[in-house]
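J.: Let me begin by handing over the structure; questions about it come next.
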Amino acid sequence: MIGSIILTLALASSIIAMIMFYLSYRGYNNTLNIGRIAYHSMAMLVIVASTILWYALLNHQYEYKYVYSYSANSLSTGFLLASFWGGQEGSFMLWLLLTSIVGIILQSYSSKRGDLEPRVMAVFTLATSFLLVMVSPLFKNPFASIWAEPVFLNAKSINPAYFGMPFLQSFMFSDGSSGQNFVKMSAELVAVLKGAGISLNQFIIDGKGLNPQLLNFWMQIHPPILFIGFSMATVPFSFAIAALMKNDYKDWVKQSLPWVLAGSGILGLGIMLGGYWAYEMLGWGGYWAWDPVENSSLIPWLVGVASIHTMLVQKKSQSKGGPGKYIKTNLMLSMMTYILVLYSTFLTRSGVLGDASVHSFVDPGMLVYLFLVIFISSFILLGVGMIVYRWKTLSQEPPADESILSRELALFTAAIVLCASAVIVLVGTSAPIFGQAVDTFFYNEMHLPLAIIIGLLNGVSLLIKWKQSTTQELIKKSIISVAASILFTVILVIAGLTDLMMIILAFATSFSLLVNLEIAVKIIRGNLKMLGAYVSHIGIALFILGVIGSAFGSDEVDIDLIKNQPKEAFGYEMTFTGIEPIENNTKYAFHINLKEGDKNHTISPVMYISDFNNGLMREPAILSMLTRDVYLSPLGYEEGGDDGHNHGGSTVTLEKGGTTEFNDVKINFNEFLISGETMTAMQTGQDFEMGAALTAEKDGKKKEFKLKLISKQGNRELTSESFPDLNMKIELVNLQAGNIQVALSALDNSQPETTAPKQEVLSVTASIKPYIGLVWIGVLVMFLGFLVSVARRLKESLV
């Protein structure tokens with residue numbers, strides 16, 4: 001309750017601040033100080049509300065629905081703090097918190113730059129007001145009580161001391177198929193508990209916890225960094241609207257540029273931290289899958305980086321007096337960066353990508369959906385309306401006087417190419433909304449030529465001068481870099497790079513790298529503050545070289561590792577040496593020794609059954625070296641000795657992720673097929689259907705099939721599948737929490753062959769990833785370059 005009241009007061013403060021800043025812009029007296037006080041009050045209230053939420057998470061106050069849904073007693077302090085942003089409500093709260101803090105810095109920054117503050121802060125507080133409405137009790141309030149809407153809690157979360165009390169029986173429900181018990185939490189139960197003198201915190205003693213895929217170190221780092229980038233994207237939008245309000249376009253570029261650089265650098269770092277998280281956690285061995293939610297963060301970054309290039313041209317062209325070139329372009333790109341952040345939020349949180357992305361939140365309901373549409377539409381209308389209103393003035397740009405071979409045109413072309421990339425990603429990402437989906441092939445093929453152009457432009461633009469250059473000058477300056485790039489590319493071809501487009505990309509990237517390195521080395525001896533752009537470009541070149549190496553030099557193979565029997569792969573002798581329980585026996589580390597010559601390394605992929613979803617979780621292990629990574633992703637594990645299974649045609653018990661064999665057919669139990677609707681139908685006594693997805697594999701051929709339990713008018717039916725080509729029939733005997741029982745038999749009634757005693761086997765996918773380290777090094781170098789550029793442009797913004 002107190003949290004909701006504080007957020008409501010914060011919303012009122014934000015609206016007052018917005019009105020007061022606007023009235024100050026309109027020339028009213030004594031309103032600026034009121035606006036400042038209201039803004040700082042809003043920011044402090046948001047910080048207090050966030051602190052209350054963190055306190056509730058750390059102290060397991062499960063009377064809050066959000067705390068129950070995303071935290072648990074077993075979480076470490078770090079993950080309890082990170083569960084703040086584990087769900088929709090918390091991620092909006094994080095965005096609001098960071099935006100409020102960014103606003104405090106922005107208010108101080110703008111107050112030192114003439115009459116900028118009222119205009120910028122009036123727009124900025126519009127954004128904070130929308131975010132505060134989103135976390136208000138009407139929409140995604142993190143302080144909603146757990147009983148606000150009826151919800152079924154697993155009996156494991158309830159204090160067992162109360163199970164024997166008669167009043168609880170009418171609120172308890174049993175799932176006959178899974179054997180689990182649930183308690184229906186509602187206002188009626190809360191009233192009964194209150195009457196019995198039992199508090200909710202006494203009654204609910206544990207929460208659901210975080211999704212196991214979020215239980216990774218980077219969960220504590222990646223979302224805050226990403227949301228700082230999102231928050232900072234509000235600032236260029238505010239500067240652009242502020243410039244349009246005053247109809248003065250001379251100073252806004254130098255004032256906005258440090259923010260655009262800082263926001264783009266942080267957002268880029270946040271995006272790739274997410275990529276490293278995926279690489280380390282998900283087990284598919286990659287860092288970028290063109291997932292719609294990944295893409296939706298990339299799009300505003302591309303547009304933001306494009307705006308940096310054209311803003312540099314506008315700033316340079318102001319040296320002759322006037323507002324400079326590309327005013328409309330810069331205003332539009334600055335506004336689009338934030339609007340695309342909002343669009344990213346819409347894609348992630350409206351539920352429209354629920355079937356297309358593993359990252360997407362579920363459908364939040366029509367009310368939130370409509371509010372998100374209103375949120376985006378408001379800022380689009382504001383931006384477009386102001387551009388149209390000032391169109392006549394904006395059309396008075398100085399005539400073009402640069403030659404084709406000029407830095408102005410090269411930077412503008414780079415911005416166009418970056419925007420083209422953003423459009424491609426935008427089209428592919430939005431396709432699921434219209435019932436279509438594009439393959440990763442679409443993104444890869446479309447971006448390859450764009451990456452080549454970017455690499456060449458990156459090098460050429462630094463070798464030519466502002467206004468004009470001659471062809472002879474360009475050839476003279478570039479001859480060493482071109483020759484060295486050709487030599488480097490030839491080495492790559494000799495090493496095995498055969499794809500023509502990749503060869504051209506390697507040349508373009510190495511050309512860019514060498515040109516930037518050459519200039520950077522000269523600058524280090526002189527003016528260090530000029531180093532930023534070159535360092536960033538070097539980082540991007542290293543990143544692309546890492547992509548080339550890891551994408552086209554990677555190789556993988558599935559291996560069955562029998563305990564203590566070495567197998568050879570990629571020049572390593574791999575030996576599965578044993579299992580070790582870890583983390584209070586909740587997980588199992590599978591130790592694998594990698595031997596290369598005289599060197600021995602031990603790495604340990606992990607598998608465990610998650611209490612959260614009752615599923616088998618797999619965590620890869622990585623051996624990182626200077627020139628390559630060895631990546632081992634676990635597939636499954638078979639215990640040795642007598643497995644206790646009767647393969648003569650009767651029942652076999654399979655846990656989720658488990659396997660068995662029958663007549664040389666390998667049968668995998670992949671997953672349960674139980675939807676939320678099924679759970680509701682079971683608890684209300686309606687007809688329902690649930691099942692299990694399995695795979696039968698023999699001689700490299702796989703057949704996927706399902707076995708179902710169908711409950712109709714109280715009668716249970718269990719399905720079976722027959723495979724004449726495998727001479728096998730498999731029938732579902734039982735389906736319960738954590739496992740299924742199936743009966744296996746031969747269709748011709750023959751007896752299966754007697755199998756040898758089972759051996760202890762760990763199955764893994766082993767892969768080798770050359771030069772993937774350049775991807776991470778490149779990102780860090782790029783970020784460092786952004787920081788150096790911010791320091792330089794910050795000084796210039798005061799001139």
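J.: Please compute the length gained on full extension between LYS522 and LYS712, using 0.36 nm multiplied by the number of residues separating them and subtracting their Cα-Cα distance.
T.: Full extension of this stretch gives 60.5 nm more.
J.: Could you order ASP699, ASP555 so the one with the most accessible surface comes first? Probe is 1.4 Å.
T.: Result, largest first: ASP699, ASP555.
J.: How would you classify the stretch 555-613 from its alpha-carbon gyration tensor, with a ≥ b ≥ c the square roots of the eigenvalues: rounded for a/c under 1.5, else prolate if a/b is greater than b/c, otherwise oblate?
T.: Details: a/c = 2.63, a/b = 1.94, b/c = 1.35.
Because a/c hits 1.5 or more and a/b exceeds b/c, the stretch 555-613 counts as prolate.
J.: With every protein chain left in place, what is the accessible area per residue of the chain in square angstrom, probe 1.4 Å?
T.: Per residue, the chain has 45 Å² of solvent-accessible surface.
J.: Starting from the Cα gyration tensor of the stretch 433-497, take the square roots of the eigenvalues, sort them a ≥ b ≥ c, and report rounded, prolate or oblate (rounded when a/c is under 1.5, otherwise prolate if a/b is larger than b/c, else oblate).
T.: Since a/c reaches 1.5 but b/c is at least a/b, the shape of the stretch 433-497 is classed as oblate.
J.: Go through LEU747, SER231, THR329 and say which Cα lies farthest out towards the positive end of the charge dipole of the chain; charges sit on Cβ, +1 for Lys and Arg, -1 for Asp and Glu.
T.: THR329
J.: On to the next question. Using 7 Å Cα-to-Cβ label points, what is the THR77/ALA155 separation (nm, one decimal)?
T.: For the pair THR77/ALA155, the computed spacing is 3.6 nm.
J.: Put +1 on the Cβ of every Lys and Arg and -1 on every Asp and Glu Cβ in the stretch 38-122; which of ASN59, ASN73, MET42 then has its Cα farthest towards the positive end of the dipole?
T.: Of the options given, the answer is MET42.
J.: Still on this structure, I have one more. Kirkwood hydrodynamic radius (Cα pairs, Å) of the stretch 59-133?
T.: Kirkwood radius, the stretch 59-133: 14.4 Å.
J.: Please give the solvent-accessible surface of PHE217 in Å², to the nearest 10, using a probe radius of 1.4 Å with every protein chain present.
T.: About 110 Å², rounded to the nearest 10.
J.: Using a Cα-Cα cut-off of under 28 Å, which lysines could be cross-linked to LYS698, ignoring same-chain neighbours fewer than 8 residues away?
T.: Within the straight-line cut-off, LYS698 pairs with LYS563, LYS567, LYS656, LYS666, LYS706, LYS708, LYS729, LYS758.
J.: Now for a separate question. Apply the membrane-span-like helix rule to the chain: whole DSSP H runs, Cα extent along the own long axis of at least 15 Å, mean Kyte-Doolittle hydropathy at least 1.6. List the helices found.
T.: 2-25, 366-389, 407-430, 471-495, 500-524, 532-553
J.: Right, next: Between LYS703 and ILE453, what FRET efficiency comes out of the Förster formula 1/(1 + (r/R0)^6) with R0 = 45 Å and r the beta carbon distance, rounded to 0.05? Working shown, then result.
T.: On the way: r = 46 Å, r/R0 = 1.03.
Computed FRET efficiency for ILE453 and LYS703 comes out at 0.45.
J.: Heavy atoms of the protein only, probe of 1.4 Å, neighbouring chains included. What is the accessible area of ARG36 in Å², nearest 10?
T.: 70 Å²
J.: Using Cα positions and a limit of under 16 Å, work out the aspartates and glutamates in reach of LYS599, with same-chain residues fewer than 8 apart set aside.
T.: The reachable aspartates and glutamates, counting only those whose Cα sits under 16 Å from LYS599, are GLU568, GLU573, ASP629.
J.: Let me ask another. Keeping every protein chain in place, order SER461, SER170 by accessible area at 1.4 Å, biggest value first, i.e. largest first.
T.: Highest to lowest solvent-accessible surface, that is SER170, SER461.
J.: Pick out, from THR125, PHE590, TYR369, the residue whose Cα sits farthest towards the positive end of the charge dipole of the chain, with +1 on the Cβ of Lys and Arg and -1 on the Cβ of Asp and Glu.
T.: Among THR125, PHE590, TYR369, the one farthest towards the positive end of the dipole of the chain is THR125.
J.: Under a Cβ-only charge scheme (Lys and Arg +1, Asp and Glu -1), can you give me the dipole magnitude of the chain about the Cα centre, in debye to the nearest 20?
T.: Numbers: 53 positive and 59 negative charges, 929 e Å.
Computed charge dipole of the chain: roughly 4460 debye.
J.: Just how much of LYS795 is accessible, in Å², when a 1.4 Å probe is used and the result is rounded to the nearest 10?
T.: 150 Å²
J.: Using 1/(1 + (r/R0)^6) with R0 = 35 angstrom and r between the beta carbons of ARG113 and THR471, what's the FRET efficiency to the nearest 0.05?
T.: Numbers: r = 43 Å, r/R0 = 1.22.
According to the calculation, E is roughly 0.25.
J.: Could you give the distance between the Cα centres of the stretch 256-303 and the stretch 66-116, to the whole Å?
T.: Each part's Cα centre sits 19 Å from the other's.
J.: Shape of the stretch 522-566 from its Cα gyration tensor (a ≥ b ≥ c, root eigenvalues): rounded if a/c is under 1.5, otherwise prolate when a/b > b/c, or oblate?
T.: The shape class here is prolate.
J.: Considering only protein heavy atoms and a 1.4 Å probe, what is the carbon-and-sulfur percentage of the accessible area of the stretch 102-217? Provide the component values of the computation, followed by the final result.
T.: Working: 2840 of 4820 Å².
Carbon and sulfur together cover 59 percent of it.
J.: Could I ask something else about it? Mind listing which GluC sites (Glu not before Pro) in the stretch 558-637 are in a DSSP loop and have 15 or fewer other Cβ atoms within 10 Å? Can you show the working numbers first?
T.: Values: sites: GLU568, GLU573, GLU583, GLU596; in loops: GLU583.
Sparse-neighbourhood loop GluC sites (Glu not before Pro): GLU583.
J.: Okay, next question. Specify the inter-centroid distance of the stretch 139-165 and the stretch 466-512, based on alpha-carbon positions, in whole Å.
T.: 64 Å
J.: Which distance in nm do the two modelled labels at THR8 and ASP664 give, with both placed 7 Å along the Cα-to-Cβ direction?
T.: Roughly 7.3 nm, to one decimal.
J.: Let me have the relative contact order for the stretch 1-142, percent, based on Cα pairs under 8 Å that are six or more residues apart.
T.: Working: 174 pairs, mean separation 46.9, N = 142.
Relative contact order, the stretch 1-142: 33 percent.
J.: Sort largest first and round to whole Å: the equivalent ellipsoid semi-axes of the chain, each the square root of five times a Cα gyration tensor eigenvalue.
T.: 51, 39, 21
J.: Just subtract the alpha-carbon distance of LYS184 and LEU367 from 0.36 nm times their residue separation and send over the number in nm, one decimal.
T.: Result: 63.4 nm gained on full extension.
J.: Give the relative contact order (percent, whole number) for the chain; include only Cα pairs under 8 Å separated by 6+ residues.
T.: Working: 1426 pairs, mean separation 89.2, N = 799.
Worked out over the chain, it gives 11 percent.
J.: Can you put LEU45, LEU193, LEU367, LEU138 in order of accessible area, largest first, using a 1.4 Å probe?
T.: My answer, sorted largest first, is LEU138, LEU367, LEU45, LEU193.
J.: State, as an integer percentage, the relative contact order of the stretch 82-191 based on alpha-carbon contacts under 8 Å between residues 6 or more apart.
T.: Result for the stretch 82-191 is 22 percent.
J.: Sequence neighbours fewer than 8 away in the same chain don't count; with that in mind, list the aspartates and glutamates whose C-alpha is under 14 Å from LYS477.
T.: Once the sequence-local aspartates and glutamates are set aside, what remains near LYS477 is GLU518.
J.: Follow-up question, since we're still on this one. Suppose R0 equals 25 Å. What FRET efficiency, 1/(1 + (r/R0)^6) with r the Cβ-Cβ distance, do LYS563 and ASP725 give to the nearest 0.05?
T.: FRET efficiency, LYS563 to ASP725: 0.15.
The values are calculated or read from the model by the stated rules, or taken from the named source; none is laboratory data. Keep in mind it's a predicted model, so treat the numbers as computed, not measured. Please note: Cβ atoms are built from the backbone with ideal geometry, for glycine as well, and neighbour counts cover all protein chains shown. These area figures cover heavy atoms from the full protein model, side chains too; ligands, DNA and RNA do not enter into them. Shrake-Rupley method; radii C 1.70, N 1.55, O 1.52, S 1.80 Å.
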